[in-house]
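In what follows, a structure is listed as structure tokens, so that the remarks can point back to it.
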Amino acid sequence: MQSIIVHGGAGQIPPETHESHRRGCANAAVLGWQMLNDGGSALDAVEAAVRSLEDDPAFNAGHGAALTIDGEVELDAGIMSGATLKAGAVGALSGFANPISIARRLLEKSDHDLLVADGAASFALAQGFEPVSPASLITERQRTLFETLRTSAGPGDTVGALALDADDNIAAALSTGGYRFKWRGRVGDSPIPGAGLYAQNGVGAVACTGVGEHIMRTGLALRAMFWLEAGKPAPDAATAAIEQFQRLLPGGQAGLIIMDAQGGVGWAHSTPYLSYAYRTSADSNVAGAVSGA
Ligand code: GLY
């Protein structure tokens, strides 16, 4: 059994961007699926899928990320192996286009699980990652949002992926520009195991999206894992976790994708929309969609 599911963020996804969300999510799912079919690991698949979403300017990650209060890009990303429970994550990182690959390197080459800001950048340089001009990651769309929404901070969504490979290893990955108009140095849920993401072989994996502060306050990823551990299949675990989130934090804004140990997938959200796509051994149709539309 192999399986991949990706998301392109939860929130107020404007209707005119639904098609680019659907297409970008479907492309990422196809890429991750090909990686699994070519013998790649679950970690390879989630990294490849998230890289494709980071490179797609339709999404708030990598190229196209939301801007801070200073009009700059600061990126968070995390990746977790369900086989070892080791994570690799970076927070408030500037000047690199694909933070998910730096997070993967940290997972594999360091005893640390999370590095931030200058420390994350020096690790990336030491590992041979090429820096890019910070301005090259700023798109016209995000510059316009920054100018027009100057007084209205808001969630800027996240991208994520979960995969199960032929060896039954499961992995999770997330990447984001974070909250629009965030304070410099703010880090959200995406690089935090148990908050934004989690993966554990034999149980499943979760990747969240929405307002990082809400997700961290409720430990949403781990709570969703507990529903899988209690025996719920992925779609029911997703619904139960978001219902629990809404009871704990009425008005909270979050969404998630989830995968059970059998590769079944689910998603749920308290926000108006969540974009996603998936492919599994049981379902060969790559379904890219905007839930709530
Ligand atoms: N969920 C992404 C963030 O709040 O940073």
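The values are calculated or read from the model by the stated rules, or taken from the named source; none is laboratory data. Since this is a predicted model, take the numbers as computed values, not measurements. So basically every Cβ, Gly included, is an ideal-geometry build from the backbone, and we count neighbours across all protein chains shown. Calculation scope for accessible area: heavy atoms of the full protein, side chains included, ligands and nucleic acids excluded. Shrake-Rupley method; radii C 1.70, N 1.55, O 1.52, S 1.80 Å.
So if we plug the beta-carbon distance of GLN12 and ALA117 into 1/(1 + (r/R0)^6) with R0 = 45 Å, what FRET efficiency do we get, rounded to 0.05?
Details: r = 29 Å, r/R0 = 0.64.
Calculated value: 0.95.
Within the listed set SER270, SER122, SER175, the residue fluctuating most in the Gaussian network model of the chain (springs between alpha-carbon atoms under 10 angstrom) is SER122.
At a 10 angstrom cut-off on C-beta neighbours, averaged per residue, how do the peptides 125-137, 253-265, 214-226 rank from highest to lowest?
On the way: 125-137: 12.7, 253-265: 25.8, 214-226: 22.0.
Taking the mean over residues of other Cβ atoms within 10 Å, the ranking is 253-265, 214-226, 125-137.
Think of it as helices only: each DSSP H run of n ≥ 4 in the chain is worth -39500 (n - 2.57), and spread over all residues that comes to -10000 deg cm²/dmol at 222 nm.
Expressed as a fraction of 2.2 N^0.38 Å, the C-alpha radius of gyration for the chain is 0.88. In percent, rounded to a whole number, the relative contact order of the chain is 26, using alpha-carbon pairs under 8 Å and six or more apart. Here's the list of lysines a cross-link from LYS86 could span, going by alpha-carbon distance under 27 Å and ignoring same-chain residues fewer than 8 apart: LYS109, LYS232. For the chain, the fraction of 1.4 Å probe accessible surface lying on carbon and sulfur atoms is 50 percent.
Which whole-number value in Å³ per residue fits the convex hull of the alpha carbons of the range 182-293?
Working: hull volume 11.6 nm³, N = 112.
Looking at the range 182-293, the number lands at 104 Å³ per residue.
Working from Cα pairs under 8 Å separated by at least six residues, relative contact order for the range 165-282 is 22 percent.
Taken per residue, the accessible surface of the chain reaches 38 Å², heavy atoms only and a 1.4 Å probe.
Given their separation in residues at 0.36 nm each and the Cα-Cα distance between them, LEU125 and GLU19 gain 34.5 nm when the chain is fully extended.
For LYS109 and GLU229, calculate 0.36 nm times their separation in residues minus their Cα-Cα distance, and state this gained length in nm to one decimal.
Numbers: separation 120, 0.36 × 120 = 43.20 nm, distance 2.98 nm.
Roughly 40.2 nm would be gained on extension.
Considering only alpha-carbon pairs that sit under 8 angstrom and 6 or more positions apart, the relative contact order computed for the range 5-103 is 20 percent. In a simple Cβ point-charge model (Lys, Arg +1; Asp, Glu -1; nothing else charged), the range 3-283 has a dipole of about 580 debye relative to its Cα centre.
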